[in-house]
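Inspection log for the structure reproduced underneath, given as structure tokens.
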Amino acid sequence: MSELGLCSRREADEWIANGWVRVDGQRVDTLGVRVAPDARIEIDEAARRHQAQRVTILLNKPIGYVSGQAEEGHDPAVVLVRPENRWEDDRLPLRFARGQLRGLAPAGRLDIDSTGLLVLTQDGRVAKRLIGGDGAVEKEYLVRVEGEIAPDGLARLHHGLMLDGVVLRPAKVSWQNEQQLRFVLREGRKRQIRRMCELVGLRVTALKRVRIGSVVLGRLPVGRWRYLRPDEKF
């Protein structure tokens, strides 16, 4: 079911346990049952309604918050998802409810000392799309730097650098002005951009993620959040 893009693995387990899945016309409510590759899988409408109720939230993460679980005295970004922090320009006719916090988790990370677009979701399809590991979704960053770049530094930022013994995928990197670079990546190793810059003689002084796929940060203020609109797709 996950490979077919119907849901995440976690959702598949939940749907099966609830009796919302039929294989070749027979209801399946036991986890781990093997089925033939050409089996006909049908999903009850109840599962669709349950999935449709799940929210995805876009947050402009401030410096000082971690993306996931609290660590070393720093709060997780999800604590900012409160009614009073909702962006006043969010026109989606959806009312905040505490149940929307249940299972709300980051789909990808953003360093504690970085700002910008962080996706928090209850929807397994969104999580799979953004952290599935196939590198299909671009992520764009504006990066302020200082120092003197190596003569071949820009070319190496494009392609040729290695982190943790792994050659990085090609990236799109360009100067926006004398102090700021634009990065577009299809992977997200820990502190990747900062470490890439160090390898070519630069030090990152500020980093902001401004786009994931076709979803942009836009005018969303720091520390505020809004719901992902139905017309927005990663």
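Just so it is clear, none of the values below were taken in a lab; they were calculated from the coordinates. Remember, predicted model here, so these are calculated numbers, not experimental data. Cβ atoms come from the backbone with ideal geometry, glycine included; neighbour counts cover every protein chain shown.
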Legend entry - Among [x] 90, 38, 30; [y] 51, 41, 39; [z] 66, 44, 35, the entry derived from the coordinates for Cα extents along the principal axes in Å: [z]
Inset, instruction - May I ask you to sort 162, 196, 1 by Cβ crowding, counting other Cβ atoms within 10 Å and putting the fewest first? - result: 162, 1, 196
Legend entry - Surrounding net charge for residue 202, when Lys and Arg each add one and Asp and Glu each subtract one, Cβ distance under 15 Å: +2
Inset, instruction - Can you check what the net charge comes to around residue 64, using other residues whose Cβ is under 10 Å from the Cβ of residue 64 (Lys, Arg +1; Asp, Glu -1)? - result: -1
Legend entry - Cα-based radius of gyration of segment 9-52 once divided by 2.2 N^0.38 Å, which approximates compact folds: 1.08
Inset, instruction - For segment 24-92, just run the numbers: alpha carbon Rg, then divide by 2.2 N^0.38 Å, N being how many residues it has. - result: 1.82
Inset, instruction - Choose one of 176, 192, 135: the residue whose Cα lies farthest towards the positive end of the charge dipole of segment 115-234 (beta-carbon charges +1 Lys, Arg; -1 Asp, Glu; about the Cα centre). - result: 135
Legend entry - Calculated FRET value between residue 46 and residue 131, using beta carbons and R₀ = 25 Å, to 0.05: 0.40
Legend entry - Rounded Å value of the spacing that divides the Cα centres of segment 122-173 and segment 41-101: 26
